Amino acid sequence: MSAGTGTEGAVAATGARPFPIVPVLAALVAILFLTSLAVGPVRLSIMEVARALVTPPGDAHRVIVLEIRLPRAILALAIGGMLGLAGASMQGLLRNPLAAPSLFGAPQAAAFAAVSTLSLGLNDALSWGLPLAAISGAFLSVFLLIAIAGRNASLLLLILAGLAVSSLAGAGTALAMNLASNPFAALEIAFWLLGSLEDRSMRHVMLCLPFIAVAALILFAQRGAFRALSLGEEAAASLGVPVERLRFLVILGVALGVGASVAVAGTIAFIGLIAPHLMRPLVRHDPARLLLPAALTGSALLLAADIAVRLIPASSDIKVGVLTSIIGVPFFLFLIVKQRKSLAGGIA
């Protein structure tokens, strides 16, 4: 993202939006959320969903909506929003349009940490230790990435460092699966790593939602600093932004949110890359105003993907992480083509 040349440039970037982005996105997310409650092997109308929410316990539709579909929809809403917010925050911190948790190894490292505790029998799938382990893995991966690549890393260096972290985490995950106590545990881990919201309960919601809420508060609180940072670290420091503290808080927020998300849904890639890019032109490339639209877009994308995997004809639900990767890889390659001059050391 090109930075402004002074205060006037930063102020101009905050001009009026051409249309109300946040209300439109919020309405879209609400529609997708209700659709998620209605779609499945048993198709329900919106009216039937509404009635199921107020009928007495024991009604079949109430069980389907409240116990099966509602936790899945809440997780798609929260995890998608967290991934979109994390992607926008990392792009604001690193001032790099290709920064995203999935490209820098955070989900893979979180998965490795979580899988290790599962295979060693230290945690089970509903243990509070699982999100704590995943958060630790995500924190370590983002910290290593920034430490290895440096403060003013080029696009190529960031991608190479992220590839190294992802590869190491992937190798560790494969080793943990090989050391699993029985083949059924390894198979369960393999399916879990594909990324899915299937068969989740309110217990899973309670495992990740507190961490995601704290992460969102931490990242949203840095939005003003991201705007100052777009002028450069020295300019931001001269404006009173504690850059080192900002870096730590962003790493902490991303680790909390991504780690908790991976702990209950597995690895869901590319949401954090796609959501900010879709919204950035609509907020005039202002990193402070990008956070909320990116979070809402992430929620909409994951809700839509989770609805799609239920509608695609198959003997069982396609894993939502597989679908987001199929969509995300071509998008990432398109962005690489757009950035190839900077990757080659030229002027983007």
Residue count for segment 79-116, restricted to those that are among the hydroxyl-bearing types (Ser, Thr, Tyr) and part of a helix (DSSP H, G or I): 2
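Per-residue answers, yes or no, for (1) at positive phi; (2) aliphatic (A, V, I, L, M); (3) surrounded by 24 or more Cβ atoms within 10 Å (Cβ to Cβ):
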position	(1), (2), (3)
229	no, yes, yes
234	no, no, no
245	no, no, no
260	no, yes, yes
263	no, yes, yes
272	no, no, yes
281	no, no, no
Filter segment 292-348 for residues that are of a type in the set (D, E, K, R) and more than 18 Å from the chain's Cα centre (by Cα); which is modelled with the highest pLDDT? 310
Please find, within segment 190-206, the residue that is modelled with the lowest pLDDT out of those that are of a type in the set (A, V, I, L, M, F, W, C) and surrounded by fewer than 21 Cβ atoms within 10 Å (Cβ to Cβ). 191
Would you mind finding the one in 260, 300, 255, 314 that is under 24 Å from residue 28 (Cβ atoms) and small (Gly, Ala, Ser)? 300
Only one residue in 130, 122 is assigned to a helix (DSSP H, G or I) and aliphatic (A, V, I, L, M). Which one? 130
For helices (runs of 4 or more DSSP H) lying entirely in segment 188-273, having 3 or more residues that are under 19 Å from the mean Cα position of the chain (by Cα) picks out 202-220, 243-265
Per the filter on segment 17-73, residues touching a helix residue (DSSP H, G or I) at 6+ places or on another chain (Cβ under 9 Å), part of a loop (DSSP other than H, G, I, E, B) and more than 30 Å from residue 314 (Cβ to Cβ) are 17, 18, 19, 55, 56, 57
Quick check on this structure: which one of 210, 276 is at pLDDT 90 or above, on the phi < 0 side of the Ramachandran plot, in contact with a helix residue (DSSP H, G or I) (Cβ under 6 Å, 6 or more places away or on another chain) and not hydrophobic (A, V, I, L, M, F, W, C)? 276
Which condition does residue 176 not pass, out of (1) more than 30 Å from residue 277 (Cβ to Cβ); (2) surrounded by fewer than 20 Cβ atoms within 10 Å (Cβ to Cβ); (3) modelled with pLDDT under 85, if it passes all the others? (2)
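The values are calculated or read from the model by the stated rules, or taken from the named source; none is laboratory data. A quick note: this is a predicted structure, and the numbers were derived from the prediction, not measured. Counting neighbours? That spans all protein chains shown, and the Cβs are built from the backbone with ideal geometry, glycine included.
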